[in-house]
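J.: Quick one: the structure is below, questions incoming.
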Ligand code: PHB
């Protein structure tokens, strides 16, 4: 890791050497020859652990290549975006303009992503989205230099409705944070649940990242639905699981969610997560050699268990490796770089996936049930789910 201070002092030293005629050409070349990768991720707040998992996964994919991209050394830059949309543009500009990154890897929060997206479209910097599912990034505002390795917000919930109705849960309450990710997860849920014959009794929400769930849980108890479906993630998801359970709602109401609800929080939620059903493009328990090897290597390297965010970070690294290898490290060859990334087949721990024309994964959605602190796969909820990419016209 190169800290900003180090880069600045080192840069100043080089400048001083150059002006006094002492610049070592090889050193200057080595310095400028590194691929500059910027992480713009949450390292504080309710999504902090998601940011860490993404960075870990990304680094692991590069470490498997001896730490190189297309034969070139890599230099990292980091900004904590705090999941704060108000600072999204400014933080992205910092990485692009001050740190002059070649690739921007970020972020988790859909609102912050819109800031990154604006900067990516304005500057043409390569933008890799390792989580945030905001629809616009691969729909109406899709762009040749923007690739997502995660999902769109409605992809997991498009697979949820049918599974719920098949289990006889035909009357549901929806609850989420009121921001893009929650709204768009609702879109997928509404579409799939009503198409399968379910009725949404009420849509509830609270501001992000508020976790005062009590009044809303009281309202749910009074409504007596068959099921509750939701979108929550990170620290807030753990709290929601615990509060739902403590209120005794799990005894009469089946809890469902977009799979983020039970990712990276199973230790924190304890028995409150048992029996919760979710749909997601990954599961800890996927019984494939690829997943088992990944989980083993990740646990060894980082002394913690991977989750879907770690997988998405890893896949972001795999995608960039494929592109960079194709152009032998010359990331300025955008035509060939983007063509290689568009055509990439990612051999992921989640299963193989391909990139849609709008630059979003086409992937299977698993139905999972939490048992003893593990997301157990109980079936494939839907095969090869593709986002509709409405309004996407690549320039
Ligand atoms: C988002 O804001 O797009 C988002 C955040 C956390 C998740 C999923 C999506 O787990």
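The values are calculated or read from the model by the stated rules, or taken from the named source; none is laboratory data. All figures in this text were calculated on a predicted structure; none of them were measured in a lab. Here the Cβ is made from the backbone with ideal geometry for all residues, glycine too, and neighbour counts use every protein chain on show.
J.: How many residues does the stretch 175-204 contain that are away from the ligand (no atom under 16 Å from the Cβ) and within 13 Å of residue 227 (Cβ to Cβ)? If you could, list the steps in order and put the result at the bottom.
T.: So the first thing to find is which residues in the stretch 175-204 are away from the ligand (no atom under 16 Å from the Cβ), and the list is 190-204.
If we keep only those that are within 13 Å of residue 227 (Cβ to Cβ) too, we end up with 193, 196, 198-202.
Final tally of qualifying residues: 7.
J.: Within the stretch 165-201, which residues are more than 25 Å from residue 108 (Cα to Cα), touching a helix residue (DSSP H, G or I) at 6+ places or on another chain (Cβ under 6 Å) and either surrounded by fewer than 20 Cβ atoms within 10 Å (Cβ to Cβ) or at pLDDT below 95 (or both)?
T.: Scanning the stretch 165-201 gives 196, 197, 201.
J.: Taking the condition of being more than 15 Å from the chain's Cα centre (by Cα) and either touching a residue at least 40 places away in the same chain (Cβ under 8 Å) or within 14 Å of the ligand (Cβ to nearest atom) (or both), how many residues in the stretch 35-58 meet it?
T.: 5
J.: From the list 104, 69, pick out the single residue that is more than 19 Å from residue 123 (Cβ to Cβ), more than 16 Å from the ligand (Cβ to nearest atom), surrounded by 20 or more Cβ atoms within 10 Å (Cβ to Cβ) and in contact (Cβ under 8 Å) with a residue 60 or more places away in the chain. Outline the logic, then answer.
T.: Details: 104 fails: more than 19 Å from residue 123 (Cβ to Cβ).
Step by step, each of 104, 69 is checked, and only 69 is more than 19 Å from residue 123 (Cβ to Cβ), more than 16 Å from the ligand (Cβ to nearest atom), surrounded by 20 or more Cβ atoms within 10 Å (Cβ to Cβ) and in contact (Cβ under 8 Å) with a residue 60 or more places away in the chain.
J.: On the basis of being within 14 Å of the ligand (Cβ to nearest atom) and out of contact with any helix residue (DSSP H, G or I) (no Cβ under 8 Å at 6 or more places or on another chain), does residue 207 make the cut?
T.: yes
J.: In the stretch 145-164, which residues are in contact with a helix residue (DSSP H, G or I) (Cβ under 7 Å, 6 or more places away or on another chain) and farther than 24 Å from residue 390 by Cα?
T.: The one that is in contact with a helix residue (DSSP H, G or I) (Cβ under 7 Å, 6 or more places away or on another chain) and farther than 24 Å from residue 390 by Cα: 164.
J.: Restricting to the stretch 118-137, name every residue that is under 24 Å from residue 332 (Cβ atoms), assigned to a helix (DSSP H, G or I) and either touching a helix residue (DSSP H, G or I) at 6+ places or on another chain (Cβ under 8 Å) or within 15 Å of the ligand (Cβ to nearest atom) (or both).
T.: 118, 119, 120, 123, 137
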